[in-house]
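K.L.:
Before we start, here is the structure in question, set down as structure tokens.
Since every read-out is calculated from the coordinates, none of them should be taken as a lab result. None of the values given here were measured: they were computed from a predicted structure. Note that we place each Cβ from the backbone using ideal geometry, even for glycine, and neighbour counts take in every protein chain shown.
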Amino acid sequence: MITLANPYGLWALIGIPVVIAIHFLQRKSIVLPVSTLFLLEKTQRESASGRRFDRLMNSVPLWMQLLAILILAWILAEPRYQKPRSTQRVAVVLDSSASMAVAKERMLGILAQKLPPLKGPAAALELTVFESTPGRPRLFAGDSVEKLVESLKTWTPRDGLVDPAQVIRLARSLVSREGIVVYVTDTPNGSLPFDARQLALGEAIGNVGFTGVSFSREGDTLTWRALVRNYGTEPATRSWHLESPSGRSGEKSITLEPGGLASLQAAFPTGTDKARVVLSADRFTTDDVLPLVRPAAKPLALYAATSEAFADLTKKLLRSIESIQPVNDAASSDLALISYDPLDPALPQGNAVVFVHDGTQGGAYLKGGIVAEKDPLIDGLNWQSLLVRETISLERGQRDKVILWQEQRPLIFIRDVPATATTPAARQLCFNFDLKRSNAASQPGFIVMLHRFAESIREAKVAPAADNLETNEPIRLATRSGTTEKPASPLETLSSDIGGKTLRDAKLELPLVDPLTAPLDPGFFAIKQGDETLLSASVHFGDTREADFNACGSADDLDQGAGNAVERHTMEDPWWRLAVLALVVMLLVSWRYTASSSKGQVPSSNKEPLTSNL
Amino acid sequence: MKRDELQHSHSRALAAAGRLRLPLRSKVWRGQAGDFNGSGTGSSLDFQDHRSYVPGDDPRHLNWQAYARTGHYTMKLFREEVRPVVDLVFDASESMFFDPAKAARSAELFYFIIESVRGSGASVSVHVVRGDASLRIDPDSIHTHRWLEMARAMPASDTAGAPDLSRIQFRANAVRVLVSDLLFPGDPEPLLRHLGQRHGSILIFSPFLESEAKPAWTGNYEFVDAERQSRHQHRIEPNVLERYLTAYARHFTLWKQSAQRHQAAFARIPVETDLATALFNGAVTAGALEPSH
């Protein structure tokens, strides 16, 4: 196969009509009076007038010049011949963000059209397709564009906004420096790393969809509240309805201005834990459905064995922490509020918040700078206004982690109690000062930290919960641990529709290899361990960056760098020197004939007919 | 051509006529009394023959010496002296005058024939033909150089064809001199037969250009036919030129062969050299002219 490294060299062919035009002009007849025309016409029938093209073609210089132009164009176009067994590697990185779902069908057609030319002068094409989300297996590997397109028909982009750089780097390493990396997206990017080429196929379409949901409870009534946004640049009108296993509400219409938000709210249907809010469909359907489950946090049992002095604190905690219930039995509690009495220094083994109880009048206020260690419980909290009096101290173990200091005195530390044969592992938040002899109760950081600690305890508790999640949202799930004799049961994920019909299920062995995340498709799902349902959840699409198509557009950089591929897969014309020689020869022959013709021409100036003088 | 040019041509022809003349003395003439030997008996001093006296003979020519010897009346016969007759036919077609040099040479030949005839004391009748038209030119028009204007004014339907001599009254036993470039298609035989009628002797003077005989054509030309003024596109390649040269040579070979058959002197007079040289090279060798001394 012949490839032209410099196709612009073919512009030299313009010289052909130019030469023909020049020859037509040069071949303008010489007007000459003759007396022997009858002799000429008798012997030269074929030279009669009316066949100018034939006469033109008989010119040797013309043929030589035309051939010279053809050879010149051939030389300038730099023909190159294909190297045997040359392979062009192409890695295609597909933007796996959800917005690509709109452009997917169009993408398949364009890929079928754009990929074959990337083979260029190479003898073979090697194709590999990746998703832009890191860690995913490749979608296709082979040499057939048709099979590639066929394999992508089942591919569904569902992720959020993803930085493709990592996968592009992987693709570049796969195809090496000579290969071609194509990033297929719907949003043009100014520049791509690792010399990747861009193929943007998006279009700025209007879209209306759910952006999120929240719940509020008034008495026994649970109310959901969903936000709907018009991402487009034109006003949009949509209808919506609520579906539940027991039925469906009537259609209601909403009109949104460009960029406008609307709030939809209603009471959660009674008698069911599942519902679904549905918007009338547009081109991007992923955010047109909002599945809902009745939210239910894991219950937290609080045992307050503190003195009356901590009654207010207990009330505050019971009021502010969700699904927390007071219990009177420390053994059955999930969290205990305990005072440390130096006269009775034994502390409980379970999860607890421990305060120092100092019956004395107390000493002076502690002096010195307050320094917080880095810990999730205390991050971002301000303790500089904390005033603490000198009191008795808790006995601090070596493994206790101090998270707040004042000079050399640990004010707050965390004690992790390892599990024993009879007791599970526990965590205790120890305040090494008397709460009543400090202003800690009025410190926002104190309350926030208690909340964080309570939530960490709740998170670690193995208990059923129900929640409304976004697609691909990380899930922190406490599972039952097994023993050597009785291993833990594997997790089972069940995707279902609103009626409870199982659509998909999968088993996950413990310990989990990958972090647990919510499914990529909106809907309902549950996670079970054995017979116990640990999580019932709904999943909705809530990535507003993907739902906004205003930045989408088209771009095509596939043609860049074709010259390198030509040089890599082809070799130069071995006969180019011969072509140059032929060019010179033809020019010399043309010049020779032209010179001899000019020499032999009879000037016509003195051949004017004489009849005018007679 | 203008009259002054014709006058110059006449001067050059007059000079040439002093060195060359028509071969009138090689022919036996019959006709009016003159300076040339006639075919019959006459009153010249040249003895020719004897014969017996018959009544009615001029007694002045009795050979008395023979009567004294033989007793019979014997007549002395003397050669007749007659005046030669020349009919000049001049081709005034466009091809004779389209080139200045050829026009001048044609006029020179015209005047040369006339002056040569006059120098010989012969009688000349001048006819100008142009296609199918012909005109007898009176001596005064020749003297005043108006003959060419008269010839050009002749209405002719087709000047490109062979000249039509059928309307010319040729005199018997005349020398018929044809001045023509002979550049017209057709068989020369009818024309020569016409010239040779009534015991005519034919002399042909054909002026030609070197550019007609050996043209250096190459490339595209728009040829203007000298006769019809029509334009014709031609591309001349070497092979085309070769065929032209062959056709040209064949054309005049045919004229030469026909002239031989009619015992006509055929002289091709080149244009490029001076008149005397051209006539000496072209006409003397062909027998159409002879030196005066």
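K.L.:
If I fit a long axis through the Cα atoms of helix A:100-118 and take the longest principal axis of the Cα atoms of chain A, what angle between them do I get, 0 to 90°, rounded to 10?
P.N.:
40
K.L.:
Amide H of B:R268: which non-local residues (sequence gap of 5 or more, or other chain) have their own amide H closer than 5 Å, using H built in the peptide plane?
P.N.:
Here B:S206 satisfy the definition.
K.L.:
Also: Roughly how compact is segment B:126-167, stated as its Cα Rg over 2.2 N^0.38 Å to two decimals?
P.N.:
Details: Rg = 10.4 Å, N = 42, 2.2 N^0.38 = 9.1 Å.
Normalised Rg, Cα atoms only: 1.14.
K.L.:
Okay, next question. Treating cross-link reach as a plain straight distance, find the lysines whose alpha-carbon is under 24 Å from the alpha-carbon of A:K436, omitting any fewer than eight places away in the same chain.
P.N.:
A:K315, A:K316, A:K367, A:K401
K.L.:
Here is a further query. With charges set only on the Cβ (+1 for Lys and Arg, -1 for Asp and Glu), what does the dipole of chain A come to about its Cα centre, in debye to the nearest 20?
P.N.:
2680
K.L.:
Just need the relative contact order of segment B:90-149 here, percent rounded to a whole number, with Cα pairs under 8 Å and 6+ apart.
P.N.:
Relative contact order here is 32 percent.
K.L.:
Note down the relative contact order for segment A:314-418 as a percent, whole number, built from C-alpha pairs under 8 angstrom at least six residues apart.
P.N.:
21 percent.
K.L.:
Over the whole of B:178-188, what's the average partner chain Cβ count within 10 Å per residue? Rounded to a whole number, please.
P.N.:
Mean inter-chain Cβ contacts per residue within 10 Å come to 1.
K.L.:
With θ set to phi - 60° and the Karplus curve 6.51 cos²θ - 1.76 cosθ + 1.60, what are the ³J(HN,Hα) couplings of segment A:148-160 in order, to the nearest whole Hz, using x for Gly and Pro?
P.N.:
4, 4, 5, 5, 7, 5, 8, 7, 10, x, 9, 7, x
K.L.:
Considering only A:F215, B:P55, A:T391, whose Cα is most displaced toward the positive end of the charge dipole of the protein assembly as shown, charges sitting on Cβ of Lys, Arg (+1) and Asp, Glu (-1)?
P.N.:
The Cα lying farthest towards the positive end belongs to B:P55.
K.L.:
Tell me the mean residue ellipticity at 222 nm calculated for the protein assembly as shown from its helices only (DSSP H runs of n ≥ 4, each -39500 (n - 2.57), averaged over every residue, nearest 500).
P.N.:
Per the formula, -8000 deg cm²/dmol.
K.L.:
Using a Förster distance of 60 Å, how high is the FRET efficiency between A:I22 and A:D143, based on the Cβ-Cβ distance and rounded to 0.05?
P.N.:
Result of the calculation: an efficiency of 0.75.
K.L.:
Which lysines, on any chain, are close to A:K153 with Cα under 22 Å apart, when same-chain ones fewer than 8 places away are left out?
P.N.:
Correct list for A:K153: A:K104, A:K114.
K.L.:
Which of the GluC sites (Glu not before Pro) found in segment A:323-406 are loop residues per DSSP with 16 or fewer other Cβ atoms within 10 Å of their Cβ?
P.N.:
A:E373, A:E395
K.L.:
With a cap of 11 neighbouring Cβ atoms within 10 Å, and only residues DSSP puts in a loop, list the GluC sites (Glu not before Pro) found in segment A:204-260.
P.N.:
Details: sites: A:E218, A:E243, A:E251; in loops: A:E251.
Listed in order of number, the matching sites are A:E251.
K.L.:
Two decimals is fine: what's Rg over Rh for the protein assembly as shown, C-alpha atoms, Kirkwood radius as Rh?
P.N.:
1.54
K.L.:
Further, regarding this structure: Normalised by the number of residues in segment A:465-540, what is the relative contact order in percent for Cα pairs under 8 Å and 6+ residues apart?
P.N.:
Once divided by the residue count of segment A:465-540, the mean separation gives 42 percent.
K.L.:
Apply the Karplus curve 6.51 cos²θ - 1.76 cosθ + 1.60, θ = phi - 60°, to the phi angles in segment A:123-131 and return the couplings in whole Hz, x for Gly and Pro.
P.N.:
For segment A:123-131, the Karplus curve yields 7, 9, 10, 10, 10, 9, 10, 10, 8 Hz.
K.L.:
Here is a further query. Work out the mean other chain Cβ neighbour count within 10 Å for the residues of B:228-235 and drop it here as an integer.
P.N.:
Other-chain Cβ atoms within 10 Å of each residue's Cβ, averaged: 6.
K.L.:
With the cut-off at 1.5 for a/c, could you classify segment A:300-460 from its C-alpha gyration tensor as rounded, prolate or oblate?
P.N.:
Rounded is the answer for segment A:300-460, as its axis ratio a/c remains below 1.5.
K.L.:
Could you calculate, for segment B:134-238, the ratio of the Cα radius of gyration to the Kirkwood radius, expressed as Rg to Rh? Please list the in-between numbers first.
P.N.:
Details: Rg = 17.3 Å, Rh = 16.7 Å.
The Rg/Rh ratio comes out at 1.04.
K.L.:
Find the percent of Cα-Cα distances in segment A:316-378 that exceed 20 Å, and round it to a whole number.
P.N.:
Distances greater than 20 Å cover 52 percent of the Cα pairs.
K.L.:
A follow-up question, please. Could you run the Karplus curve 6.51 cos²θ - 1.76 cosθ + 1.60 with θ = phi - 60° over segment A:573-581 and give me ³J(HN,Hα) per residue in whole Hz, x for Gly and Pro?
P.N.:
Going residue by residue, I get 5, x, 9, 5, 5, 4, 5, 5, 5 Hz, with x marking Gly and Pro.
K.L.:
Name the trypsin sites (Lys or Arg not before Pro) in segment A:485-528 that are in a loop by DSSP and that have at most 10 other C-beta atoms within 10 Å, would you? Could you put the intermediate results ahead of the total?
P.N.:
Details: sites: A:K501, A:R504, A:K507, A:K528; in loops: A:K501.
Passing both the DSSP loop test and the Cβ count: A:K501.
K.L.:
Positive end of the charge dipole of segment B:180-293 (Lys, Arg +1 and Asp, Glu -1 on Cβ, about the Cα centre): tell me which of B:F266, B:H234, B:P190 has its Cα farthest that way.
P.N.:
Among B:F266, B:H234, B:P190, the one farthest towards the positive end of the dipole of segment B:180-293 is B:P190.
K.L.:
Relative to the compact-globule scaling 2.2 N^0.38 Å, provide the ratio for the alpha-carbon radius of gyration of segment A:465-540.
P.N.:
That ratio works out to 1.09.
K.L.:
In debye, nearest 20, what is the charge dipole magnitude of segment A:300-460 about its Cα centre with +1 on Lys and Arg Cβ and -1 on Asp and Glu Cβ, if you could check?
P.N.:
The dipole of segment A:300-460 has a size of about 280 debye.
K.L.:
Follow-up question, since we're still on this one. What are the extents of the Cα atoms of segment B:172-293 along their three principal axes, in Å, largest first?
P.N.:
That works out to 50, 33, 25 Å along the principal axes.
K.L.:
Right, here's the next one. In straight Cα distance, which aspartates and glutamates are under 20 Å from A:K147, not counting same-chain residues fewer than 8 positions off?
P.N.:
Straight-distance partners of A:K147: A:D95, A:E105, A:E126, A:E131.
K.L.:
State the answer as a single residue: which of A:L411, A:G359, A:L343 lies farthest towards the positive end of the charge dipole of segment A:340-458, with beta carbon charges of +1 for Lys and Arg and -1 for Asp and Glu, about the Cα centre.
P.N.:
The residue sitting farthest along the positive end of the dipole is A:L411.
K.L.:
Using the Kirkwood radius over Cα pairs, work out the Stokes-Einstein diffusion coefficient for chain B at 37 °C and 0.692 mPa s, in µm²/s as a whole number. Numbers along the way, then the final one.
P.N.:
Details: Rh = 21.1 Å.
Rounded to a whole number, D works out at 156 µm²/s.
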